[in-house]
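Novice: Take this structure first; my questions come after.
The values are calculated or read from the model by the stated rules, or taken from the named source; none is laboratory data. From a predicted model like this one, the values you see are computed outputs, not experimental measurements. Cβ placement follows ideal geometry from the backbone for every residue including glycine, while neighbour counts extend to all protein chains displayed. Heavy atoms of the whole protein, side chains included, go into the accessibility calculation; ligands, DNA and RNA do not. Shrake-Rupley method; radii C 1.70, N 1.55, O 1.52, S 1.80 Å.
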Amino acid sequence: QVQLVESGGGLVQPGGSLRLSCAASGSAFSAYRMGWYRQAPGKQREAVALISSGGSTNYADSVKGRFTISRDNAKNTINLQMNSLKPEDTAVYYCNADRLGYFAWGQGTQVTVSS
């Protein structure tokens, strides 16, 4: 099993940047597919960016070219660099670990994009 703790959320103006981090504890971190999801008020949780155990990445169309997901297996962390933020990026962002049908979630971190 793995436990996840997110950090790095906050308030930023449109066009600004934020970097989210997720620290994982537990075993076999490198074997997990990791991802960032977000949930805005009144909306369903959606996948934002995913990174496989081998480092392949996938992004939601709405964030392509603006967000970058990365992982450091030596430090058991993943990051989400978010640039050119828009008000519609406002949401609670969750870190996720996925392996063979097992899912783990962090507690979430709020990102607010507003002037």
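Novice: Within segment 100-115, which residues are part of a loop (DSSP other than H, G, I, E, B) and open to solvent by less than 40 Å² (accessible area, probe 1.4 Å)?
Specialist: GLY106, GLY108
Novice: State whether one or more residues within segment 36-49 are open to solvent by 40 Å² or more (accessible area, probe 1.4 Å), farther than 15 Å from LEU11 by Cα and hydrophobic (A, V, I, L, M, F, W, C).
Specialist: Within segment 36-49, one or more residues are open to solvent by 40 Å² or more (accessible area, probe 1.4 Å), farther than 15 Å from LEU11 by Cα and hydrophobic (A, V, I, L, M, F, W, C).
Novice: Determine which member of the set VAL63, VAL92 is open to solvent by less than 40 Å² (accessible area, probe 1.4 Å), touching a residue at least 24 places away in the same chain (Cβ under 8 Å) and outside any strand (DSSP E or B).
Specialist: Working: VAL92 fails: outside any strand (DSSP E or B).
The conditions single out VAL63.
Novice: If you don't mind, there's one more thing I want to ask. Scan segment 15-50 for residues that are part of a loop (DSSP other than H, G, I, E, B) and in contact with an Asp or Glu (Cβ under 9 Å, 6 or more places away or on another chain) and jot them down.
Specialist: Initially, segment 15-50 is screened for residues part of a loop (DSSP other than H, G, I, E, B), giving 15-17, 27-28, 32, 40-45.
If the condition is that a residue be part of a loop (DSSP other than H, G, I, E, B) and in contact with an Asp or Glu (Cβ under 9 Å, 6 or more places away or on another chain), then TYR32, ALA40 are the ones that fit.
Novice: Against the condition of a type in the set (Gly, Ala, Ser), loosely packed, with under 14 Cβ neighbours inside 10 Å and either touching a Pro at 6+ places or on another chain (Cβ under 7 Å) or not in a strand (DSSP E or B) (or both), how does SER53 come out, does it pass?
Specialist: Details: of a type in the set (Gly, Ala, Ser): yes; loosely packed, with under 14 Cβ neighbours inside 10 Å: no; either touching a Pro at 6+ places or on another chain (Cβ under 7 Å) or not in a strand (DSSP E or B) (or both): yes.
Spelling it out, it is not the case that SER53 is of a type in the set (Gly, Ala, Ser), loosely packed, with under 14 Cβ neighbours inside 10 Å and either touching a Pro at 6+ places or on another chain (Cβ under 7 Å) or not in a strand (DSSP E or B) (or both).
Novice: For segment 69-89, give me each residue that is open to solvent by 60 Å² or more (accessible area, probe 1.4 Å) and hydroxyl-bearing (Ser, Thr, Tyr).
Specialist: SER84, the sole residue that qualifies.
Novice: Give me the residue from segment 21-33 that is open to solvent by 40 Å² or more (accessible area, probe 1.4 Å) and modelled with pLDDT of 95 or more and, out of that set, nearest to LEU85 (Cα to Cα).
Specialist: By that ranking, first place goes to ALA23.
Novice: Let me ask another. Would you confirm whether any residue within segment 34-50 is modelled with pLDDT of 95 or more, among the polar types (S, T, N, Q) and in contact with a Cys (Cβ under 8 Å, 6 or more places away or on another chain)?
Specialist: No, segment 34-50 contains no residue that is modelled with pLDDT of 95 or more, among the polar types (S, T, N, Q) and in contact with a Cys (Cβ under 8 Å, 6 or more places away or on another chain).
Novice: Would you call ALA97 among the hydrophobic types (A, V, I, L, M, F, W, C) and buried (at least 16 other Cβ atoms within 10 Å of the Cβ)? Reasoning before the result, please.
Specialist: Values: among the hydrophobic types (A, V, I, L, M, F, W, C): yes; buried (at least 16 other Cβ atoms within 10 Å of the Cβ): yes.
Answer is yes for this residue.
Novice: When residues of segment 1-14 are filtered for being under 20 Å from GLN81 (Cα atoms), open to solvent by 50 Å² or more (accessible area, probe 1.4 Å) and either assigned to a strand (DSSP E or B) or of a type in the set (Ser, Thr, Tyr) (or both), how many remain?
Specialist: So in segment 1-14, the residues under 20 Å from GLN81 (Cα atoms) come out as 4-14.
Among the residues that remain, those that are also open to solvent by 50 Å² or more (accessible area, probe 1.4 Å) are: 5, 7, 11, 13-14.
Add one more test, that the residue is either assigned to a strand (DSSP E or B) or of a type in the set (Ser, Thr, Tyr) (or both), and what stays is 5, 7, 11.
Within segment 1-14, residues that are under 20 Å from GLN81 (Cα atoms), open to solvent by 50 Å² or more (accessible area, probe 1.4 Å) and either assigned to a strand (DSSP E or B) or of a type in the set (Ser, Thr, Tyr) (or both) number 3.
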